[in-house]
Amino acid sequence: MADAATYAQPILSPRAVGLGVYGASVKDSRDFVANPSGLVGMRDWDFYATTYLPASSGGSGGFVFGGFGAGKRFFEDHALAAQYTPGALLEFVLPSTMTVQGVGIAAERTVTYAEPVAAAYAYRFSDRFSVGVEGRLRTETINDPRYQFVDSTIVSFANESSASTWFLDAALAWQPSTGLTLSAVGRNLANIESGELPAEFQSLSLPMNRSLEVAAAYDFSPAFRLTAGAGSNKYGGIGGEWSPGLGLAFRGGMYLSSVESPALYAIGVSAGWVIGPVEIDAGFLHFTDQEGRKGSTSTADFDVSAIHNISMNAYTTDRLLLSAKVVLGKVRESLARIVGVEIVSAVYPSAYQALAYRPIGKVRVQNVSDKPMQVRASFYIDRLMDAPTESPAVVIAPRDEADIPLTAVFNESVKSVSTVTVREGNVYVSATPAEEYDDRLQAKVLIHGKNDWDGDVFSLRYFVTPDDPEVIRYSRDILLARKDSLVNDPSELQLFRKAALMFDAFAGKLLYVNDPKQSADFVQYPAETLTIRGGDCDDMTVCFSSLLNSVGIGTAFVDILPPGRPQDGHIFLLFDTGLAPRHASHIAENPKRYVVRKNKSGFETVWIPVESTVITRGFAAAWAEGARQYFENVEVGLGLVKGWVRIVDVY
Amino acid sequence: MKQLGFIICVLACASASMRAQDIVVQRLQGEVAVRHGVTEVWTHVAVGDVLRPDDTMKTGKKGTAVLTAPLRSNGAVKRITLPPEVIVDLSDVRELSQEELMLKLTMERVRASSYQWKNDDLHIPNAAVVHGSDQSGAASLTDNDPQSGTLQWNGARVLYDNGFYSTCALKSMELFRLYPAIGVKFENRLMAAEALEKASLHGEALSEYTAMLQMEGVTSTQQATVKERIAELRKQ
């Protein structure tokens, strides 16, 4: 038609076409332009190519090469992708009539819009939240030939004008709950222009309005997904995907707009088939109103301002699309699946070493293969651990589930955590010796401050630091200053005398005060107690234990928790005199003043109870009070065997 | 007037109730002292004094004392005579239930074995390792005063003679640990084993009798006595 505008159309992948709204469903490099944050769904390397058959050509023009792209996920949480899409273009041929030296000439002005290149980066903050940015190159080219008579012949001269612009889009994807994904994409947030169309063609330049697109996808089950979304440009849609198994997927979507007539202006269907690392998709896009979508339209109807999206606009025609994707790298099928993760223990920096042996939680794993599998689990918290800690392998029968304990070897950084914080713990399961994992999940882990204590007397011993230089220096200074008073003591009594001297010196310099938080779950390290010259019961007990340990005197905590009276819970100290029971009377005639128990070496020795809360009254008073409490609670009350008194050795 | 009488009656009942649960000194003769709680000082004691369970009584060479202590089993008040030269912990002058006795024995084992580190837990080594012992001090110590041991052993025998077999057995074990010389005497071991037997701890008694057969210097007569006990226990 002489007054017609003809055009070619850009591409979309069959999966995107079939779902109708794709923003919350991007999981690889295909159509990442719809939401670049979805790139973190890639497993490793992604390659794809796409082609389409425009219905406007009636099949006579054959398939058009849409483009190809590649993506790569790296460092676990990062992903990059780029695409080259020569088929992503709109081309209009605008006929006109001009007169050259009185001769009428039929002229054709060609207007081409293309987005041939795009690149994107995505970062995953957690399994539930990721962000992405992308740059899209748009080119606008206008070829308006000039005509002249040359030797009585009309000759055309090329007259091409072009401009290009890089657009920046930003996107996010958030999974607030299992199965639900929300996404948002901001379009044209910034742009960099290169070249400019002449003033006479400015009216042909495409709009560069900013817009916002939001979408949601919900997985009712692993087989069914529903998706919906809308944009600030008043276009939206809904769609669904059914994956019956065998690698098959069927999709259907409806395209809706309040500015189109009818509002349901297009429908899309597609099907996909995954065979190993290859995924093949086919789709068809059909518009309910074919006006202006037959490959030509009236020049009067040609409206550049209506083209907000090269992929979908008023001139897009029905089409058949095909695409193929190949995944390289970690392409094997998962053999094990994480059913759930339970973190049963918070991390107390003071006792972080214990978590190398005592499980921090457990992961429930399902063997999704048809063979028995030896499954390992590993646990990792970024920056607080040098490497993932792997748990012993567990054999799981086909389709069966099993719990695997998770342990964690932290590095020294954990001891610098000053206040309670929540971190993401990464749980991996793998069913083969290969490095890659079969499934991964993140779970929140509570990390306490370095002075926090879980209230368990077993954990209190982790605050004892006999090798702390400050502790060693303090104890050595005390003994050196009182060296003369030890000279005449029998060697068997040296430990007892040293302990008594140290306690008295310790008592003379420190005050019993409540800790800064005035709570039982805050314990000072010995160096802190010595520096601030004070502490509460726990702090004093820990500090004195450290001082004694630093000179080779064994200690033990006595934890009393009277039944029904937890508010009267209390901790005091026993220290090992190293004295054989048959020599006990050299320390005390009254057997109620000491305890005979085995020491670390397995020998029965005499231990002395001391109560640190009466520290200001000196060793004799602390001993008497400690002995009284021990006799009352252990010997008479039988708390030790009834379970409400516990003795924990600290070596 | 009626009110005053009622108050006196209540106070008298309360007093009687309190005294029924305590150990009371009824008669004293010669040198008798008491040591309160965890102190080291022996102090004077008088007739009528109410003693605490954490007190200890000692009689001298010519000293005797008569105490009354409530029996938990039947509520009766038992008269206990302390002969000369004994030391008795008043916490031992009580009847232990079978459960309490088992708990006490368990505690002995707990105390003897110390706390064992859990296999799955971490042992934190002490950086201040002491190799060898400090030999710079004076000469080696002498053993605990055997006289004190003898007095305490006599006290254990008082417990046995008055039917406090459970506490007698436990005290015997403690004294064997503190005064090894007491534990090598056959008659002492025999009393401890019999206390275990009478406290219905047949397994422990059997072990003790069996161990006695391994003692050095045991005569054939003594061996025969022990074997007879073992045979009787095995019948039970």
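The values are calculated or read from the model by the stated rules, or taken from the named source; none is laboratory data. Because the structure is a prediction, the values reported are computed rather than measured. All Cβ positions, glycine included, derive from the backbone under ideal geometry; neighbour counts span all protein chains shown.
Overview of results
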quantity: Segment A:450-506 - residue that is within 29 Å of A:Lys415 (Cα to Cα) and hydroxyl-bearing (Ser, Thr, Tyr) and, of those, farthest from the other protein chains (Cβ to nearest Cβ); calculated: A:Tyr474
quantity: In segment A:23-47, residue farthest from the chain's Cα centre (by Cα) [restricted to those that are among the hydroxyl-bearing types (Ser, Thr, Tyr) and under 18 Å from A:Arg136 (Cα atoms)]; calculated: A:Ser29
quantity: Search result, residues across segment A:537-559 that are among the hydroxyl-bearing types (Ser, Thr, Tyr) and either in a helix (DSSP H, G or I) or more than 14 Å from chain B (Cβ to nearest Cβ) (or both); calculated: A:Thr541, A:Ser545, A:Ser546, A:Ser550
quantity: Hey, A:Ser194 over 16 Å from A:Ala173 (Cα atoms), of a type in the set (Ser, Thr, Tyr) and surrounded by 13 or more Cβ atoms within 10 Å (Cβ to Cβ) or not; calculated: no
quantity: Residues of segment A:73-100 satisfying the condition of being of a type in the set (Asp, Glu) and more than 36 Å from the chain's Cα centre (by Cα); calculated: A:Glu91
quantity: Among (1) more than 17 Å from A:Ala556 (Cα to Cα); (2) part of a helix (DSSP H, G or I); (3) at the interface with chain B (Cβ under 7 Å from one of its Cβ atoms); (4) of a type in the set (Gly, Ala, Ser), the one test that A:Ala588 misses; calculated: (2)
quantity: So A:His583, is it touching a helix residue (DSSP H, G or I) at 6+ places or on another chain (Cβ under 8 Å), touching a residue at least 12 places away in the same chain (Cβ under 8 Å) and more than 10 Å from every other protein chain (Cβ to nearest Cβ); calculated: no
quantity: Residues located in segment B:34-77, provided they are over 18 Å from B:Asp92 (Cα atoms) and among the hydrophobic types (A, V, I, L, M, F, W, C); calculated: B:Val41, B:Trp42, B:Val45, B:Ala46, B:Val47
quantity: A:Ser152 vs. criteria surrounded by fewer than 12 Cβ atoms within 10 Å (Cβ to Cβ) and among the polar types (S, T, N, Q); calculated: yes
quantity: Residue match in segment B:65-81 (condition: modelled with pLDDT under 95, basic (Lys, Arg) and out of contact with any Pro (no Cβ under 9 Å at 6 or more places or on another chain)); calculated: yes
quantity: Condition met for A:Arg617 (assigned by TED's automatic domain parsing to the domain that holds A:Asp536, basic (Lys, Arg) and within 17 Å of A:Cys537 (Cα to Cα)); calculated: yes
quantity: Test for A:Asn209: is it assigned to a loop (DSSP other than H, G, I, E, B), within 30 Å of A:Glu160 (Cα to Cα) and of a type in the set (S, T, N, Q); calculated: yes
quantity: Those residues of segment A:602-634 which are within 7 Å of chain B (Cβ to nearest Cβ), surrounded by 19 or more Cβ atoms within 10 Å (Cβ to Cβ) and in contact with a Pro (Cβ under 8 Å, 6 or more places away or on another chain), in sequence order; calculated: A:Ala627
quantity: Which numbered condition B:Val218 misses (of (1) under 24 Å from B:Ala156 (Cα atoms); (2) assigned to a helix (DSSP H, G or I)); calculated: (2)
quantity: Test result for A:Asn143, assigned by TED's automatic domain parsing to the domain that holds A:Ala228, surrounded by fewer than 17 Cβ atoms within 10 Å (Cβ to Cβ), more than 28 Å from the chain's Cα centre (by Cα) and touching a residue at least 24 places away in the same chain (Cβ under 8 Å); calculated: yes
quantity: Criterion (over 28 Å from the mean Cα position of the chain (by Cα), of a type outside the set (Phe, Trp, Tyr) and surrounded by fewer than 16 Cβ atoms within 10 Å (Cβ to Cβ)) met by exactly one of A:Ser203, A:Ser221, A:Ser177; calculated: A:Ser203
quantity: Subset of segment B:154-174 that is within 14 Å of another protein chain (Cβ to nearest Cβ) and surrounded by fewer than 22 Cβ atoms within 10 Å (Cβ to Cβ) - its residue that is farthest from B:Met57 (Cα to Cα); calculated: B:Met173
quantity: Residues within segment B:190-207 that are charged (D, E, K, R) and more than 15 Å from B:Tyr165 (Cα to Cα), tallied; calculated: 0
quantity: Flag for A:Gly637 being closer than 24 Å to B:Arg52 by Cα, more than 10 Å from chain B (Cβ to nearest Cβ) and small (Gly, Ala, Ser); calculated: yes
quantity: Residue tally, condition in a helix (DSSP H, G or I), basic (Lys, Arg) and at pLDDT below 90, over segment A:617-651; calculated: 2
quantity: Residue within segment B:24-37 that is in contact with a helix residue (DSSP H, G or I) (Cβ under 8 Å, 6 or more places away or on another chain), buried (at least 19 other Cβ atoms within 10 Å of the Cβ) and of a type in the set (Val, Ile, Thr) present; calculated: no
